[in-house]
Amino acid sequence: MTLLLALDLAAALVFAVTGALVAARAQLDPIGFIFVACLTAVGGGTVRDLLLGREPVFWIADPAPVAVAGTAAIAVFFTHHLVASRLAVIVWLDAVALSVAVAAGVGVAYGLDLPVWTQLVMGIVTGCFGGLMRDVVCNEVPLVLKAGELYVTAALAGGAAAVLARELVGPGALALGACMLVTFALRAGSVRFGWRLPGWRERPPKPR
Amino acid sequence: MTLLLALDLAAALVFAVTGALVAARAQLDPIGFIFVACLTAVGGGTVRDLLLGREPVFWIADPAPVAVAGTAAIAVFFTHHLVASRLAVIVWLDAVALSVAVAAGVGVAYGLDLPVWTQLVMGIVTGCFGGLMRDVVCNEVPLVLKAGELYVTAALAGGAAAVLARELVGPGALALGACMLVTFALRAGSVRFGWRLPGWRERPPKPR
Amino acid sequence: MTLLLALDLAAALVFAVTGALVAARAQLDPIGFIFVACLTAVGGGTVRDLLLGREPVFWIADPAPVAVAGTAAIAVFFTHHLVASRLAVIVWLDAVALSVAVAAGVGVAYGLDLPVWTQLVMGIVTGCFGGLMRDVVCNEVPLVLKAGELYVTAALAGGAAAVLARELVGPGALALGACMLVTFALRAGSVRFGWRLPGWRERPPKPR
């Protein structure tokens, strides 16, 4: 359980940085940085907890993720002018945060003895909904639904890797590590080398 | 209760197809199709369940709607190039799904002995929020809030028809059938013949 | 508790008017006015209740806020052509509603014996999420995240004022009044005189 808490915290930290960088793009003030950072940091885990009926949600039971996210937002506020291309940094940090959050979601669902398919769904929900809220609220094109990139696919594959590794070597840090590795590898391959699933086509005529 | 389950499944199926077609417009990959399809399929019922405190939400208790939605998404992925005008198909299928989902929402609230006004609200929530999430996430203009078209109105009238029919002929399939019929008739009349409530005006100057 | 109920009602009323005016900008029909008005009126309080595990949410337990919001929407529908600049009215009424809702959120959290930081967060959530939903759903730029304006900051300062006033003069109407006063003063100063936190810069080059 301590491992899961650490994962939730790590995901909150990295997601918060992406949220703060999106706030920088939107030219918000320090409190706006904190607001978007916290929304991104705890959004996915909050939806997961609401769906599973875990109440109050994790960050009300223990404020550490909010404190971490707020601190990260302030740190970014004072340093974001040092970052040359914020969008590139956002995309890569988002990939890291996605990997960690998927592992946390799968782990929480496994800890509640939920069936495998629910573990996979909770991995996707925990990983994707924080960034989705960030992008919808700030009027950016959601990373999660960008054409021609792996995102939900990476989360799903990472969840599957966690389940598989658990079968092979037992539950624990190794299974969650496999999850993070597979999620990040697929997402990074997509961002860097253009890996994608078949089916996406170059600009077909968009029907009215 | 079996009837309600069947309605939830039917709504999930048709909403999933609309979600998958929106995913096609956004040029997503197969997993993206499944993601948007599932969000659309279970979104409205999930909000309903959260508001009513039914936890875990219906599709975690029984994965059938998610399985149906995922299968539908894959089927659409392999066939959507056969569809001439995706938007027209989306609008009409959305009308069917709305009708079924409103009936499911009203029925669930009635089964929980909630007052009539809550039944009407839950009909609207179940019917409208899945499509609303689909459109917000995919950056489409929400069908539910399109100027000059009946949508929430159709859902409300359908709910009222269910309540009325229940008074006249007793609860059961007939009342829910009346709900679906009225909802679909109003929505279809709006799409096909331009039925609308008074109050909408042609392009007034939009104040700053 | 009666005081809190009155605050929830007052916030619902004023938020509903802002929602109806946004519906007017979107040229919706009367039922659309009611839909957006109710979403705005109860959105923030609903998220607060879901996060805190208060179920069913407040407006299902007692329909008064929904009734008030619906009535306000209809009243606006018949009179909104009298309003010269809807956007200015929306911004100012939104400031009033924000102030009242922040006080309601802080008060509810205090009534549940939650720690101070949770009270502040619940004030922000109750105050900001209704308007955020209104703007996201209706495709307006969210007021809450407008660059160079105090919004979340005003909500946070108002919550802090409530906590401080409670320490000084005890809980009750006075503390909540201080909350409303501080929130409104900061928000109004930002709208009218351009008050802002440091950190916002005039149009920096937006990195890709």
For A:THR2, which inter-copy label distances result when the label point lies 7 Å beyond Cα on the Cα-to-Cβ vector, reported in nm to one decimal and in ascending order?
5.3, 5.3
Cα-only Debye scattering, region B:68-150: base-10 log of I(q)/I(0) at q = 0.13, 0.15, 0.20, 0.27 Å⁻¹:
-0.52, -0.66, -1.01, -1.30
For a quick check of your reading of the filter: which GluC sites (Glu not before Pro) in region B:112-177 sit in a DSSP loop and have no more than 14 other Cβ atoms within 10 Å?
none
When only Cα pairs under 8 Å and 6 or more residues apart are kept, what is the percent relative contact order across region B:1-106?
42 percent
Within chain C, which DSSP H helices have Cα atoms that stretch 27 Å or more along the helix axis and a mean Kyte-Doolittle hydropathy of at least 1.6?
C:2-25, C:86-111
Taking B:GLU140 in one copy and the same position in all the others, each labelled 7 Å out along Cα→Cβ, what are the pairwise distances from the first, in nm, shortest first?
2.5, 2.5
Run the dipole for the protein assembly as shown about the Cα centre, Lys and Arg Cβ at +1, Asp and Glu Cβ at -1, nothing else charged, and hand back the magnitude in debye, nearest 20.
2100 debye
Suppose the chain between C:VAL89 and C:ALA75 were pulled fully straight at 0.36 nm per residue; how much longer would it get relative to their current alpha carbon spacing?
3.5 nm
Using the alpha-carbon centroid of each, what span in Å lies between region B:36-75 and region C:98-175?
32 Å
For chain B, calculated [θ]222 nm from helices alone, where every DSSP H run of n ≥ 4 adds -39500 (n - 2.57)
-25500 deg cm²/dmol
Which of A:MET133, A:MET122 has the fewest Cβ neighbours within 10 Å, and the rest in rising order
A:MET133, A:MET122
Kirkwood Rh and Cα-based Rg: tell me the resulting Rg over Rh for the protein assembly as shown, rounded to two decimals.
0.95
Quick one: label points 7 angstrom along Cα→Cβ at A:LEU112, distances to the other copies in nm, smallest first?
1.7, 1.7
Sequence-separation-based contact order of region B:2-193, relative, with Cα cut under 8 Å and 6+ spacing, percent
24 percent
Under Stokes-Einstein, with the Kirkwood radius over Cα pairs standing in for Rh, what whole-number D in µm²/s applies to region B:2-193 at 4 °C and 1.567 mPa s?
80 µm²/s
What dipole magnitude, in Debye to the nearest 20, does chain C give about its Cα centre under +1 on Lys/Arg Cβ and -1 on Asp/Glu Cβ?
800 debye
If you take every residue apart from C:ARG134 with its C-beta less than 12 Å away from the C-beta of C:ARG134, what net charge results, scoring Lys and Arg +1 and Asp and Glu -1?
-2
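Rule-based calculations on the coordinates, nothing more; no lab input. This one's a predicted model, so the numbers in the text were calculated from it and none came from an experiment. Reconstructed Cβ throughout: ideal geometry from the backbone, glycine too, with neighbour counts over all protein chains shown.
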